[in-house]
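The values are calculated or read from the model by the stated rules, or taken from the named source; none is laboratory data. What you see is a predicted model; the values in this text were computed from it and never measured. Using ideal geometry, Cβ is built from the backbone for each residue, glycine included, and neighbour counts are taken over all protein chains shown.
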Amino acid sequence: MAKTLLFEIGTEELPARYIPKAINQIEVKSKKLFEEYKIGYSDLKVMATPRRLVLQAFGVEETQKSDTSKKRGPSKDIAYDKDGNPTKAVIGFAKGQGVEVEELQIEKESDKEYVYAVKNVKGKETIQVLPDLFNQLIRSIEFPVKMFWRNRSEKFIRPVRWIVAMLGTEVVSFNFGNVNASNLSKGHRFLGSEAIHIENPSKYEELLEKSYVMVDHNKRRSSIKNQVEKLAQELDAVAEMPENLLEEVNFLVEWPTALTGSFSKEFLNIPKEALITCMQDHQKYFGLLDKKQNTTLLSYFITIRNGDDTAIEKVKAGNERVLRARLSDANFFYQEDRRTTLETKLEDLKSIIYREELGSVAKKVDRMNELGRTLLDILELSEPVRSLSLRAIDLSKADLTTQMVGEFPKLQGIMGEKYAKLDGEDEKVARGISEHYLPRFTGDQVPQTMVGTITSIVDKVDNIASSFAIGERPSGNQDPYALRRQALGVVHIVLETELSFSLEQLFHRALSLIPEESSVSSTSEILKDIREFIKHRTKTVFLEHNLPVDIIDAVLASENSNIHKAFLRAKKLNELRDTQVLKDVLGGFNRVKSLADKANHEEVYTELFQDENEKYIYQKYKDMKESISDSLDNDDISKALDELASLKNDIDMFFDNVMVMVDDKHLQSNRLNLIFKIREMYYQVSDFSRLQD
């Protein structure tokens, strides 16, 4: 008869940020363990609160599934002598497998016969194997750090205080961290029972709710969201409820009760972003926006209490008192920052170290300014974009010296924009300061102004170039300066803004601004590494646009500096994938690709031509090479491909009438070099050898 399984790990309060990953691990690993232990079940559910991690499985079979093991032994000619008697080899094999020699079976494998020991393994009772399964499961849950308590035999993210391990009504014999499993759970730390006797695991959630624990985190999350929305509606407001805050609050409480508080309207003179950050990051409160004017912050907040509504007014007053102190600090920081302009704060950047090997943030800004001039020149951008961009670059890091950003680092750029506007800076300059940090995370928007775009690109290019120059590059899972994210940001910005320029040229300029004594290797070697690094990020973004891997690889092999051009080329190749045009391009390319490897890469001498086909295809190559180059410069990929496709018949005629590998080495070398140049012309567009049929 199928039963319900319950495995609850009761702990001291778990860090909220680690719980979602633990839930996922338990679900994935428990499914794998059930399969390994051959335990059948109908459904599985993982739940969590700040004080417990729970696995519940339904329809669990009482016994393991029976299995058949099959072990191959020696070959038949070694197992038996010429008279058919078993040898020592097969007798030893049978003994080792726990079977009689007469029970061995002979099967053919790859034209040779072998003896096999086939055994039927009867499954054990599930409750007998669960202790090993639970032991593997609890030890396999990974956390950034684990701690010891009582003894050093076991460790977990927080001390384990109780364990419930049951199959049906039976308790599974299990021990971890000096805690013996039982059928006794615990309720809410302050409102619930210290000992909840569980007779039937299927009633587990119901029993916990009676003791003020909403153990299902999805149900608890919905309750929090609904309560917050209801209270906001009563104030004709909309709650500022980002997913990360909702998730964190969900794993801070076991019995959520929402309540509304307020703060003095005098604090509304502080920028909205600072108030919301103060409420969310420090207090885990939900700010409220006016429902009619969705950008206007109201002087109310909603918080979630871990408990019921007993003495709710006292709880409200306590939260208001704490927030008042926080906002008073924020107001002080804001007023102090306003005493001087961003311009006057630039001097303070000299005292902030960017990297020990690279000097101060002020020096970084100087490099960004030089890079900005280079990028503006490459893009041929004139006034007013030029002067506005350079001004935004100069002020981009000034808010790092402010007290507000010192207290709330996530406001860097945002406060810079606010202060720039108050200082009377141009609107585009102010916006460029905040936009230069975009995109801040995967899926975030890119800068929406050209000033912000220029500032963002040069900041990220300098970060990447300077880090590579001093040898601080991402490796494995280590990327302390988020260089991968910044490289992805550059690629996304280029694609969305359709800016066409050589990224390698910009990186080369960036490296030239790094002090030579700070670089760990030559500029060419560093640039090579950066090129490969950007190439991988570009491939990732291209894949997000559903472009085939082989086309991406083919295009990036010939064009990985100008991301915009590479993207257009990859899209066009994908469009023409099954067309006659691309088939003809590949037909011509495939005829020259192998022989071209034998060329010595010297010039082609026309005086050595002996056949009219040589002269014709060489002239065709010269005319076409320049034409294809012009087409690619103008992003007319279709025209370039059409020209390459038209070359197929000429190539076929050349090979039909001209012997390349002749005895005359000078003539042979000349013809191979001609073929090599034709192949290089194909490579201008793409490395077609990477395309799959």
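Filtering region 569-581 to residues that are touching a residue at least 12 places away in the same chain (Cβ under 8 Å), within 28 Å of H536 (Cβ to Cβ) and either β-branched (V, I, T) or surrounded by fewer than 20 Cβ atoms within 10 Å (Cβ to Cβ) (or both) leaves K571, N574, L576, R577.
If you go through region 207-265 one residue at a time, how many are surrounded by 19 or more Cβ atoms within 10 Å (Cβ to Cβ) and of a type in the set (D, E)? Adding up the residues that qualify gives 3. Within region 420-445, if we keep just the residues that are part of a helix (DSSP H, G or I) and over 33 Å from the mean Cα position of the chain (by Cα), the residue that is farthest from L342 (Cα to Cα) turns out to be E427. Selection within region 153-179: residues that are within 15 Å of L137 (Cα to Cα) and charged (D, E, K, R). The member of this set that is surrounded by the fewest Cβ atoms within 10 Å (Cβ to Cβ) is K155.
Being in the same structural domain as A487 (by TED's automatic domain parsing) and closer than 27 Å to L495 by Cβ holds for only one residue in A362, A392, and it is A392. Taking every residue in region 188-207 that is within 19 Å of F251 (Cβ to Cβ) and in contact (Cβ under 8 Å) with a residue 12 or more places away in the chain and pairing it with any residue that is aromatic (F, W, Y) and assigned to a loop (DSSP other than H, G, I, E, B), at least 6 positions away or on another chain, the pairs with Cβ-Cβ distances below 7 Å are H188/Y212; H188/W255; L191/Y212; L191/W255; G192/Y212. Within region 191-210, the residues that satisfy the criterion of being part of a loop (DSSP other than H, G, I, E, B) and more than 17 Å from T11 (Cβ to Cβ) are L191, S193, I198, E199, N200. The conditions are (1) on the phi < 0 side of the Ramachandran plot; (2) surrounded by fewer than 14 Cβ atoms within 10 Å (Cβ to Cβ), and H601 fails exactly one of them. Which is it? Condition (1) is where H601 drops out.
When every residue of region 216-223 is checked against the conditions, at least one turns out to be touching a residue at least 12 places away in the same chain (Cβ under 8 Å), in a helix (DSSP H, G or I), in the same structural domain as W255 (by TED's automatic domain parsing) and farther than 24 Å from L5 by Cβ. The condition of being touching a residue at least 24 places away in the same chain (Cβ under 8 Å) and either in contact with a Gly (Cβ under 7 Å, 6 or more places away or on another chain) or farther than 30 Å from M404 by Cβ (or both) holds for only one of N269, N178, N250, that being N178. When D642, D611 are checked against the criterion of being in the same structural domain as V585 (by TED's automatic domain parsing), farther than 25 Å from A557 by Cα and not polar (S, T, N, Q), a single residue qualifies: D611.
Sub-7 Å Cβ pairs linking a first residue in region 229-244 that is over 26 Å from R17 (Cα atoms) to a second residue that is surrounded by fewer than 16 Cβ atoms within 10 Å (Cβ to Cβ) and not hydroxyl-bearing (S, T, Y), at least 6 apart or interchain, are D236/K291; A237/D290; A237/K291, ordered by first then second residue. In region 370-380, the residue that is surrounded by the fewest Cβ atoms within 10 Å (Cβ to Cβ) out of those that are free of Cβ contacts under 8 Å to residues at least 40 places away in the same chain and part of a helix (DSSP H, G or I) is D377. Just one of (1) surrounded by fewer than 21 Cβ atoms within 10 Å (Cβ to Cβ); (2) of a type outside the set (D, E, K, R); (3) closer than 20 Å to L376 by Cα; (4) within 20 Å of the chain's Cα centre (by Cα) fails for G476. It is (3). Among the residues of region 375-382, is there at least one that is modelled with pLDDT under 95 and not hydrophobic (A, V, I, L, M, F, W, C)? Checked region 375-382: at least one residue is modelled with pLDDT under 95 and not hydrophobic (A, V, I, L, M, F, W, C).
Surrounded by 15 or more Cβ atoms within 10 Å (Cβ to Cβ), among the polar types (S, T, N, Q), without any contact (Cβ under 8 Å) to a residue 12 or more places away in the chain and over 30 Å from V494 (Cα atoms): is that true of Q619 in this structure? Even if it seems obvious, please write down each step before you answer.
On the way: surrounded by 15 or more Cβ atoms within 10 Å (Cβ to Cβ): no; among the polar types (S, T, N, Q): yes; without any contact (Cβ under 8 Å) to a residue 12 or more places away in the chain: yes; over 30 Å from V494 (Cα atoms): yes.
Answer is no for this residue.
Among the residues making up region 541-561, those that are free of Cβ contacts under 8 Å to residues at least 60 places away in the same chain and either small (G, A, S) or closer than 18 Å to V461 by Cβ (or both) are V541, N560, S561. Within region 639-650, residues that are under 13 Å from N590 (Cα atoms) sit with their Cβ atoms under 7 Å from residues that are in a helix (DSSP H, G or I) and small (G, A, S), at 6+ positions apart or across chains, in these pairs: L644/G588; L647/G588; K648/G587; K648/G588.
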